[in-house]
Amino acid sequence: MKQEISLSILSGKGGTGKTTLAVNLALALDNVQLLDADVEEPNDYIFISPEIEKKEKESVMRLIPEIDEDKCTACRKCVDFCEYNALAMMLDNVLVFEEVCHSCGGCKIVCPENAITEKERELGKLYHDNQAKIDFWQGELNTGEEKAVPVIEKLKTKIDHSRKVIIDSPPGTTCPTIEAITDTDFTVVVTEPSSFGLHDLKMVVEMLNEIRQPFAVVINRAEADSDYLIEDYCQENEINILLKIPFSRKIAELYSNGKPFLDELEGWRAKFKELYREIREEAAKDERNNSN
Amino acid sequence: MRIIIPAVEAGDFETEIHENFGRADYFAVVDSENDEIEFIENNAAAQSSGAGVGAAQVCADQKADVVTAYHFGPKAYKALTAAGIEVLDLTDQKLIKDAYHDYQAGKLAEAEAGPGGHH
């Protein structure tokens, strides 16, 4: 079967337009797989599958230590070993802070008394809704949990390369973002023409260059008198701007009602199709450069 | 009684209180028997995660009876109370001596766990 490309959509900060782009682009194409990896606040479902809670779901589990107090001699080796302060020794009892545990299993290995076993804890969930044109997956981190990466790792096991893969990544430049974009063929960075937008774009560009990820930019809420903020920077740094989504009351209103705009504003379905064609070209260009 | 107060540097009673518990650079340890003060480094301050728990561990290892700060995250609060340490809130005190005097005067209220740090 023909292999399609995988695309990740990213922004430096939340509220920039990742969801807008991911959802409208996905709806403009056929044979798409959309994965919402913004697991701390996934919201693609509002536009794609509002009843996602009632669809197929599976748990993402992880292991955390459990201390057998009868066997524990309070030697403290586990507490000293834990790099993340998930364990503390208080009045000769080991306290476990499950939320900060990275599930490395090291404490169990260093315990000389075999007083540590591991138990499973639900970290998050994956939701799935296979529709006619879109195979939609959503990762969701349970409230109060801090470790998004394992949920994204599990979500990525669902990638189907026979489809046009679009991953809506968590915003920013931290581990969950990097996990979401790693192994994708190309990244689109969404930004807005403001000082904040530019600042956060620079952070993202630095991170993408560091991990040698090919990318281009889409400007959201574009306005003629402020786009230069992003355009000047992109020109200086030889970054392609693939599309501008205008600052429009109509788009904002549709968004706030949970409606994609591609068929509400004339010509936009075609523009998103064209955007995808360009992305595919850019990704292929990078492929050629790498194989040379 | 051994009272611990987060401090911006290793100084004396005139040193400023650090605004944060888990990420304080130093802790002032005051012994109320003889009003003596010493400063210890908070080796949890620079850690990538769980600074509050690490700092609570430092306080427990120092055999603190009381810890007072402007704010405690939920994990630090849980760890300190598990160690049997009394956890008190500071309000508008500026210097270590202000915190210590208000503690002695019984003016510090029992703390509640607030929201934790950023990740």
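The values are calculated or read from the model by the stated rules, or taken from the named source; none is laboratory data. Predicted model, so just to flag it, every value in this text is computed and none were measured. In this analysis, Cβ positions are derived from the backbone assuming ideal geometry, glycine residues included, and neighbour counts consider all displayed protein chains. Accessible surface is based on the protein model in full, side chains and every heavy atom, while ligands, DNA and RNA are left aside. Shrake-Rupley method; radii C 1.70, N 1.55, O 1.52, S 1.80 Å.
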Of the trypsin sites (Lys or Arg not before Pro) in the stretch B:59-91, those whose Cβ has at most 15 other Cβ within 10 Å and which sit in DSSP loop: B:Lys63
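At 0.36 nm per residue, and after removing the present C-alpha to C-alpha distance, how many nm does the segment from A:Glu41 to A:Cys175 gain when stretched out fully? Please list the in-between numbers first.
Working: separation 134, 0.36 × 134 = 48.24 nm, distance 1.59 nm.
Answer, rounded to one decimal: 46.7 nm.
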About the Cα centre, charge dipole magnitude for the stretch B:2-104 (Lys/Arg +1, Asp/Glu -1 at Cβ), debye: 620
For the stretch A:183-196, Karplus couplings with θ = phi - 60° (6.51, -1.76, 1.60), whole Hz, Gly/Pro x: 6, 7, 6, 7, 10, 10, 9, 8, 9, 10, x, 9, 4, 4
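I'd like the carbon and sulfur percentage of the solvent accessible area for the protein assembly as shown, probe radius 1.4 Å, heavy atoms only, ligands and nucleic acids excluded. Mind dumping the intermediate values first?
Details: 9110 of 20150 Å².
Carbon and sulfur: 45 percent of the exposed surface of the protein assembly as shown.
Keeping all protein chains in place, calculate the accessible area per residue for the protein assembly as shown (probe 1.4 angstrom), answer in Å². Don't skip to the end; give the middle numbers.
Numbers: 20150 Å² over 411 residues.
Spelled out: the 1.4 Å probe surface of the protein assembly as shown, per residue, equals 49 Å².
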Cα-based Rg of the stretch A:1-111 normalised by 2.2 N^0.38 Å, two decimals: 1.65
Heavy-atom accessible surface that B and A bury in contact, both chains counted, 1.4 Å, Å² to 100: 1300
Under DSSP loop assignment and at most 16 Cβ neighbours within 10 Å, longest GluC sites (Glu not before Pro)-free interval of chain B: B:34-111
Per-residue ³J(HN,Hα) for the stretch A:86-91, Karplus 6.51 cos²θ - 1.76 cosθ + 1.60, θ = phi - 60°, Hz, x for Gly and Pro: 7, 10, 9, 9, 10, 6
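What FRET efficiency comes out for B:Glu41 versus A:Glu69 if R0 is 35 angstrom and r is the Cβ-Cβ distance? Round to the nearest 0.05. The partial results should precede the final answer.
Values: r = 31 Å, r/R0 = 0.89.
Once the sixth-power term is evaluated, E becomes 0.65.
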Buried on assembly, the stretch A:71-99 (at least 30 Å² less accessible surface than by itself, 1.4 Å probe): A:Arg76, A:Tyr84, A:Asn85, A:Met90, A:Leu91, A:Leu95, A:Phe97
Approximate spin-label separation A:Ile159-A:Ser256, in nm, with each point projected 7 Å along Cα-to-Cβ: 3.7
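Is it possible to state the helix-based mean residue ellipticity at 222 nm for chain A, with each DSSP H run of 4+ residues giving -39500 (n - 2.57), the sum divided by total residues, to the nearest 500 deg cm²/dmol? What is it? All intermediate terms of the calculation are to be shown ahead of the outcome.
On the way: 10 runs with 97 residues, N = 292.
Computed mean residue ellipticity for chain A: -9500 deg cm²/dmol.
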Estimated inter-spin distance, B:Lys63 and A:Asn114, nm [label 7 Å along Cα→Cβ]: 3.6
5 angstrom amide H check on B:Phe72, placed H, neighbours 5+ away: B:Gly114
Distance from the stretch B:1-67 to the stretch A:108-169 (C-alpha centre basis), Å: 38
Chain A - Cys residues lacking any other Cys C-beta under 4.7 Å: A:Cys72, A:Cys75, A:Cys82, A:Cys101, A:Cys104, A:Cys111, A:Cys175, A:Cys234
Point-to-point label distance, A:Glu281-A:Tyr228, nm (Cα→Cβ direction, 7 Å offset): 2.8
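Please compare each pair in A:Lys164/A:Lys202; A:Lys158/A:Lys271; A:Lys125/A:Lys154 to a cut-off of 18 Å on the Cα-Cα distance and tell me which ones are over it. Intermediate results must be reported in sequence, preceding the final value.
Working: A:Lys164/A:Lys202 28 Å; A:Lys158/A:Lys271 28 Å; A:Lys125/A:Lys154 9 Å.
Where the Cα-Cα span goes over 18 Å, the pairs concerned are A:Lys164/A:Lys202; A:Lys158/A:Lys271.
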Sequence-distant aspartates and glutamates (8 or more away, or on other chains) whose Cα lies within less than 12 Å of A:Lys259: A:Asp44
